[in-house]
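First up is the structure itself, then whatever we jot down about it.
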Amino acid sequence: MFLLSSMVCFAAVPTERDDSIAEPMYVATHSQSATFKISSKGLATMNVSLIPFTKNSLDRVNVTLNIKNSSGTSVYNKSYDTSWSSISASFKLTKEYQLSKSEIYEFQATYKCYKNGSLIETIKSEFKTEK
């Protein structure tokens, strides 16, 4: 199975905007990554990681993992608070799910990044499997 990926990023935008000034893609996030792998036995493994600019940039990252089948129906859609890893200086999560049949699947990870209880930014990663 091959995996294709595309990334859609959303960040807070000031109300008044000067297009002549460059703005960062993320407000508090340095980078993020997501992987979606399906074994030959149909076990889907989802790994997500988000690295903030600094350890104090964010205090919580909630991620929603969504797998849709070829008809567009969600077969897995759950939200989790990630764990902070001081070793990799990132918020991480790994989940597995046994898929019921072999078909094309879409996977989306949506990161909601918080500081002091306020949502700072939302980032989405999307993948689609191909036969």
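For the range 112-131, the set of residues classified as in a strand (DSSP E or B) and more than 30 Å from Ser70 (Cβ to Cβ) consists of Cys113, Tyr114, Lys115, Ser118, Leu119, Ile120, Glu121, listed by residue number.
Residue count for the range 118-131 under the criterion of being in contact (Cβ under 8 Å) with a residue 40 or more places away in the chain and either in contact with a Lys or Arg (Cβ under 7 Å, 6 or more places away or on another chain) or within 16 Å of Val27 (Cβ to Cβ) (or both): the result is 5. I'd like to check something: does the range 90-99 contain any residue that is polar (S, T, N, Q) and free of Cβ contacts under 8 Å to residues at least 40 places away in the same chain? No; the residues of the range 90-99 include none that is polar (S, T, N, Q) and free of Cβ contacts under 8 Å to residues at least 40 places away in the same chain. For the range 83-112, taking the residues that are buried (at least 16 other Cβ atoms within 10 Å of the Cβ) and among the charged types (D, E, K, R), the one that is modelled with the lowest pLDDT is identified as Glu106.
Selection of first residues in the range 49-65 that are assigned to a loop (DSSP other than H, G, I, E, B) and of second residues that are at pLDDT 90 or above and surrounded by fewer than 16 Cβ atoms within 10 Å (Cβ to Cβ), restricted to Cβ pairs under 7 Å at least 6 apart or on distinct chains, gives the following pairs, ordered by first then second residue: Phe53/His30; Lys55/Ala89; Asp59/Asn116.
The values are calculated or read from the model by the stated rules, or taken from the named source; none is laboratory data. Note that the coordinates shown come from a computational prediction; the quantities given were computed from them, not determined experimentally. Glycine also receives a Cβ, built like all others from the backbone with ideal geometry; neighbour counts cover every protein chain displayed.
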